[in-house]
1. Do we find a residue being touching a helix residue (DSSP H, G or I) at 6+ places or on another chain (Cβ under 7 Å), at pLDDT 80 or above and surrounded by 12 or more Cβ atoms within 10 Å (Cβ to Cβ) anywhere in region 93-104?
2. If you go through region 77-92 one residue at a time, how many are under 19 Å from residue 56 (Cα atoms) and at pLDDT below 90?
3. Is there a residue in region 129-145 that is more than 23 Å from the chain's Cα centre (by Cα), at pLDDT 75 or above, surrounded by 11 or more Cβ atoms within 10 Å (Cβ to Cβ) and in a loop (DSSP other than H, G, I, E, B)?
4. Mind listing just one residue for me: the one in region 80-92 that is touching a helix residue (DSSP H, G or I) at 6+ places or on another chain (Cβ under 8 Å) and free of Cβ contacts under 8 Å to residues at least 40 places away in the same chain and, of those, nearest to residue 124 (Cα to Cα)?
5. Provide a single number: the residues in region 42-76 that are assigned to a loop (DSSP other than H, G, I, E, B) and at pLDDT 85 or above.
6. Return the residues of region 105-121 that are in contact with a helix residue (DSSP H, G or I) (Cβ under 8 Å, 6 or more places away or on another chain) and closer than 25 Å to residue 55 by Cβ; say none if nothing qualifies.
């Protein structure tokens, strides 16, 4: 007795079904993998330290930048002159700025030191606390101990 095959000679769909199953499985894994991924890292609450900066609740930002004729001074987002800055600080103090109010002074590298000193003295003379802050400076290479000794 001879066995006869009942399938057609070229069963194209039967060869395509495993490929479709493979694509469906891959699609399912791609959709579910973000849910299975565990978040790395551990939440750490650092103990209070006297070397930590406190969070500034009532802080105003004064930004100094180099200008063409005179240095640029910004109080918050507003561009002001030196006299306008003095008037605004007086206004804040007269409106009852808290005693712990602080002015954060951010200075550009191209700003003259004399201007920075004048602004610093102005802020301190108005009775505000002052903190010098700045953006991350460009990475400057630290000389090795061997290069310093030579």
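The values are calculated or read from the model by the stated rules, or taken from the named source; none is laboratory data. Since the structure is predicted, the reported quantities are computational estimates derived from the model, not experimental observations. Reconstructed Cβ throughout: ideal geometry from the backbone, glycine too, with neighbour counts over all protein chains shown.
1. Yes, region 93-104 contains a residue that is touching a helix residue (DSSP H, G or I) at 6+ places or on another chain (Cβ under 7 Å), at pLDDT 80 or above and surrounded by 12 or more Cβ atoms within 10 Å (Cβ to Cβ).
2. 2
3. Scanning region 129-145 turns up no residue that is more than 23 Å from the chain's Cα centre (by Cα), at pLDDT 75 or above, surrounded by 11 or more Cβ atoms within 10 Å (Cβ to Cβ) and in a loop (DSSP other than H, G, I, E, B).
4. 89
5. Here the count works out to 1.
6. If the condition is that a residue be in contact with a helix residue (DSSP H, G or I) (Cβ under 8 Å, 6 or more places away or on another chain) and closer than 25 Å to residue 55 by Cβ, then 105, 107, 119 are the ones that fit.
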